[in-house]
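Data first, discussion second: the structure below is written as structure tokens.
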Amino acid sequence: MTLAVLAPQQDQSQAAAHATRWSLALTAIEILSATPAGLGGILLRARPGPVRDAFAAALGLVAPVRRLPASADAEALEPGLDLTATLASGRPVMKPGLLAEIGAGVLLVPMAERLSPALSARLAMALDGDGLRLVLFDESGGADGGDARVTAALADRLAIHLDLDDVRLPMAALLAGETGFPPQVDDIEAGEPIADAGAALTSAALLLGIASIRAPIQAQRLAHAHAALDGRAAIAAGDIEIAATLVLGPRATQLPPGETPAPPETAPDQPPDIPPAIPPASDDDDDATDDNPDSIPPDATDIVLDAARTALPPGLLDALANGIPMRAPAGGSSGAKLKSLTSGRPAGVRAGAPGRGARLALIETIKTAAPWQALRPRRDDGRLSIRHDDLRIRRFVARAQATTICAVDASGSAAFARLSEAKGAVELLLAEAYVKRAEVALLAFRGDAASVSLPPTRSLARARRELAALAGGGGTPLAAGLDLAQTIAGAERARGRTPLIVILTDGRANVGGGGGITPQDAALASARALGRAGHACVFIDCSARPRPEGSALAAAMGARFVALPRLDARAVVAAVNAAMPA
Amino acid sequence: MKAAFPFSAIVGQSEMKQALLMAAVEPRLGGVMVFGDRGTGKSTAVRALAALLPPMKIIAGCRYGCAPGDTEPCPDACRARAGKRVEEVPVPFVDLPLGATEDRVVGSLDLERALATGEKRFEPGLLAKANRGFLYIDEINLLEDHLVDLLLDVAVSGQNLVEREGLSIRHAARFILVGSGNPEEGELRPQLLDRFGLSVDVRTPTELSDRIEIVRRCDRFDRDPAGFAASFAPAEAATLGSIARARKKLPDVAVPDMMLELGSRLCQAVGADGLRGELTLLRAARATAALAGKKTVLPAHVGAVAALALRHRLRRNVLDDTGSTARIGRAVAELIPA
């Protein structure tokens with residue numbers, strides 16, 4: 001993010017841009033409150049703070065809001081037995097479940113990027129079937145801030161995507177508790193009526209590289225809703241503008257053809273500054289619109305594109321400027337291991353209350369309660385008297401799943417052969433990973449930095465696509481590579497997986513260190529840190545004549561040392577399999 | 001619950017629709033696996049097909065959806081309780097959430113009854129609910145392994161056996177399993193893939209005119225569900241009619257020896273492992289013939305379903321990028337002269 005720190009005095013245009021984004025957010029709330037269902041809801045990217053609080057307050061003004069507590073599990077959403085109350089009263093006490101309690105209200109989920117896969121799936125189902133209205137607060141902080149993300153299945157179903165991450169509101173207004181809701185004036189005038197809004201929105205979505213067909217469908221719903229708010233029956237230019245800004249723009253993965261990306265320094269901060277007069281060249285050299293010349297007035301698509309351009313996702317322009325096509329974020333924590341209280345092979349019983357996925361061990365519960373029956377006051381109906389302390393739950397053992405992290409030295413002359421063998425090894429490992437349900441990640445270090453080439457994945461299709469673009473050459477920043485490997489390994493361990501780091505290098509660092517520390521010493525220090533973290537490592541020395549640097553590094557990180565002067569993919573896989581924790 | 005989108009109103013995705021129709025005609029095909037991107041109408045299509053089918057007759061009040069003609073014992077002893085009373089219910093469509101626990105799926109002891117009245121009673125799970133209908137699992141590749149194993153086992157055997165918490169229950173669970181998943185988010189084990197009868201690759205439509213038509217139809221459906229459904233009623237009736245005719249006709253469709261041979265040669269040519277692929281191929285060809293109203297299976301029927309029945313059973317060569325579909329297409333072109 002380029003706008004991490006705001007200058008003490010904001011200049012005028014920035015303040016205006018923030019005000020625009022804020023009023024857009026309020027419009028979104030207004031639209032959501034007026035539409036009973038079908039839009040799904042809002043995905044708001046914003047860190048906790050006064051702006052987000054103001055947003056939540058504004059939301060609370062128009063609809064009853066229920067917060068999903070962080071402790072909730074998928075069962076909390078469904079109707080079920082209130083066990084504690086049932087035991088206390090001796091008769092079944094049901095709780096209706098959050099979904100039923102919300103009714104016409106809005107479910108608000110803070111820290112949405114931490115939602116468990118089970119809960120995400122249940123919420124997605126409720127959006128499809130029950131017309132739930134959902135507001136997610138995504139706190140992951142940008143495209144590169146942490147690994148957790150709102151699952152794509154859920155994000156796709158929420159029509160409105162907002163980003164209030166860097167928005168500042170005037171301090172005076174915040175102090176006064178006045179957020180400007182409901183919006184005093186509708187900034188966007190209705191404009192010309194649009195004959196075929198659906199066609200315009202669909203064409204624009206395609207030009208913006210939005211694959212999902214849900215986006216234009218939702219955009220049209222939103223346009224209808226916005227028109228209805230104004231008391232109009234037909235969709236006008238202003239409605240599709242709003243729809244484009246709230247729905248299409250944030251989902252864009254490319255700029256419409258024929259446009260050069262704006263310089264990344266200015267674009268994400270000040271989207272409204274982009275002059276809307278750029279000719280988007282869709283009149284003559286755009287085949288897509290020519291298919292249906294009779295039904296699409298070309299200017300309707302232009303209106304959509306112009307509006308969408310003000311709400312492009314942060315990072316898109318940077319990515320385009322660097323020539324990297326932006327990837328839709330992957331499924332986030334979807335592959336994470338589930339708690340051992342819920343699944344796997346049964347492994348005994350312990351005291352505790354059921355819920356959060358844990359299951360009551362009924363027989364054990366009754367066994368625990370039985371000896372106390374003589375001491376406890378006898379119940380009138382003659383049944384067992386069971387107290388909360390008697391409850392026992394089952395435990396399960398789930399086999400820890402492995403993630404193999406390949407750190408490849410992509411530097412210098414040997415890079416080409418080494419990289420292609422490393423890619424081959426990753427694909428072979430993935431092919432085996434079917435059976436073990438293991439994941440594989442690949443990081444490469446070259447030039448002056450290390451980068452993740454393939455985030456942990458189980459997908460061969462994805463691996464092949466992402467590895468195809470991997471380049472080699474440059475210096476050897478070994479320390480950076482080891483540090484990154486450790487970071488990924490730590491994250492994998494936090495996901496409940498067992499990481500195994502495989503390092504392919506000749507062990508000779510020539511980039512890194514600084515301040516009197518040689519690159520080799522820096523690499524040694526990183527290796528020791530890796531060793532202290534206690535991750536399992538394999539160090540594959542692939543230099544033609546192994547020298548002591550390699551084995552010294554391997555010893556420092558406590559790694560198994562394998563010298564493979566003639567590197568090939570199958571030998572790498574064999575070395576990895578030998579080191580794989582049983 | 002809003003009205004379902006009409007099956008005939010789904011734009012494109014002809015392969016998926018064809019596979020679902022075949023599964024509806026021939027339940028023994030063993031389910032459909034749909035690979036594809038998000039928002040391609042996977043769940044809409046399955047939901048629509050379930051809504052399209054005529055309501056089914058069950059014994060009144062049976063929690064397991066027993067058909068009046070069933071002879072299998074029902075844990076509820078519904079026949080004894082309800083006698084001859086029969087009621088009509090819509091064909092069930094069960095959407096299995098990703099995080100479903102084993103309890104929810106197979107059923108478990110009815111805790112409420114157990115605690116309150118001391119009665120040991122089985123609370124049927126989603127498998128019982130899906131009996132004689134559709135069980136749809138989105139992102140099946142992310143579902144826990146042991147649940148997938150369990151589901152496929154039940155889908156193949158048509159029976160759910162519960163041996164837990166002192167309960168010993170067996171009930172019918174015959175459903176059409178439809179799984180969907182995005183291969184970019186993790187693969188399904190080949191052993192599991194093989195258990196699915198048919199597999200379909202769906203892509204987001206890229207034709208602008210198709211996409212516009214989808215958005216238009218969704219908009220019309222949003223604003224006037226009843227009117228929209230009415231405009232597709234004739235098409236829906238035609239689909240329903242062809243399913244009913246094909247179901248009736250299916251047992252009489254002949255499979256000539258030549259077709260059996262063609263099936264095994266095709267499987268050999270593409271390197272599909274196991275007998276299951278061959279059997280599914282012929283069953284699918286027979287269902288296609290029945291849907292087309294033919295009395296015998298023709299080579300064209302086998303060719304038409306080859307990709308559906310076999311593409312997920314090919315041994316994968318890690319270093320060969322040629323897609324399974326292309327390999328099957330080549331073999332079909334060689335073996336079946338157009």
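The values are calculated or read from the model by the stated rules, or taken from the named source; none is laboratory data. Fair warning: this is a prediction, and the values are worked out from it, not measured in the lab. Positions of Cβ are generated from backbone atoms using ideal geometry, with glycine treated the same way; all protein chains shown enter the neighbour counts.
Each residue in region A:113-136 was checked for being touching a Leu at 6+ places or on another chain (Cβ under 7 Å) and either within 7 Å of chain B (Cβ to nearest Cβ) or under 20 Å from B:Ala4 (Cα atoms) (or both), and 11 of them qualify.
Being in a loop (DSSP other than H, G, I, E, B), within 30 Å of B:Val200 (Cβ to Cβ) and under 21 Å from the mean Cα position of the chain (by Cα) holds for only one residue in B:Leu98, B:Leu135, B:Leu127, B:Leu49, and it is B:Leu98.
Residue count for region A:197-245 under the criterion of being away from chain B (no Cβ under 11 Å), within 18 Å of A:Gly41 (Cβ to Cβ) and among the charged types (D, E, K, R): the result is 0.
Look at (1) buried (at least 21 other Cβ atoms within 10 Å of the Cβ); (2) at pLDDT 80 or above and you find that A:Thr518 fails only one, number (1).
Checking the stated criteria, B:Gly31 turns out to be surrounded by 17 or more Cβ atoms within 10 Å (Cβ to Cβ) and modelled with pLDDT of 75 or more.
Answer yes if at least one residue in region A:554-565 is touching a residue at least 60 places away in the same chain (Cβ under 8 Å) and either surrounded by fewer than 23 Cβ atoms within 10 Å (Cβ to Cβ) or among the aliphatic types (A, V, I, L, M) (or both), and no otherwise. It would help to see each step written out before you state the result.
Restricting attention to region A:554-565, the residues satisfying the condition of being touching a residue at least 60 places away in the same chain (Cβ under 8 Å) are A:557.
Filter once more, so that each one left must be either surrounded by fewer than 23 Cβ atoms within 10 Å (Cβ to Cβ) or among the aliphatic types (A, V, I, L, M) (or both): A:557.
The answer is yes; a qualifying residue exists.
B:Pro68 falls short on exactly one of the conditions (1) part of a helix (DSSP H, G or I); (2) away from every other protein chain (no Cβ under 12 Å); (3) without any contact (Cβ under 8 Å) to a residue 24 or more places away in the chain, and that condition is (1).
Any residue in region B:148-167 that is among the small types (Gly, Ala, Ser), over 19 Å from B:Gly65 (Cβ atoms) and more than 9 Å from every other protein chain (Cβ to nearest Cβ)?
The answer is no; no qualifying residue exists.
Among residues of region B:203-239 being within 11 Å of chain A (Cβ to nearest Cβ) and β-branched (Val, Ile, Thr), the one that is nearest to B:Lys42 (Cα to Cα) is B:Thr204. Taking each residue of region A:193-213 that is of a type in the set (Ser, Thr, Tyr) and looking for partners that are in a loop (DSSP other than H, G, I, E, B) with beta-carbon atoms closer than 8 Å, six or more apart or interchain, yields A:Ser203/A:Ile296; A:Ser212/B:Asp37; A:Ser212/B:Arg38; A:Ser212/B:Gly39; A:Ser212/B:Thr204. Taken over region A:1-58, residues that are of a type in the set (D, E, K, R), modelled with pLDDT under 75 and closer than 25 Å to A:Ala223 by Cα amount to 0.
In region A:456-467, the residues that are at the interface with chain B (Cβ under 10 Å from one of its Cβ atoms) and under 20 Å from A:Ala402 (Cβ atoms) reach residues that are assigned to a helix (DSSP H, G or I) and of a type in the set (Phe, Trp, Tyr) with C-beta atoms within less than 9 angstrom, at least six apart or across chains, in these pairs: A:Arg458/A:Tyr434; A:Leu460/A:Tyr434. Tell me, yes or no, whether region B:83-94 has at least one residue that is more than 30 Å from B:Asp224 (Cβ to Cβ) and outside any loop (DSSP other than H, G, I, E, B). For region B:83-94, residues more than 30 Å from B:Asp224 (Cβ to Cβ) and outside any loop (DSSP other than H, G, I, E, B): present.
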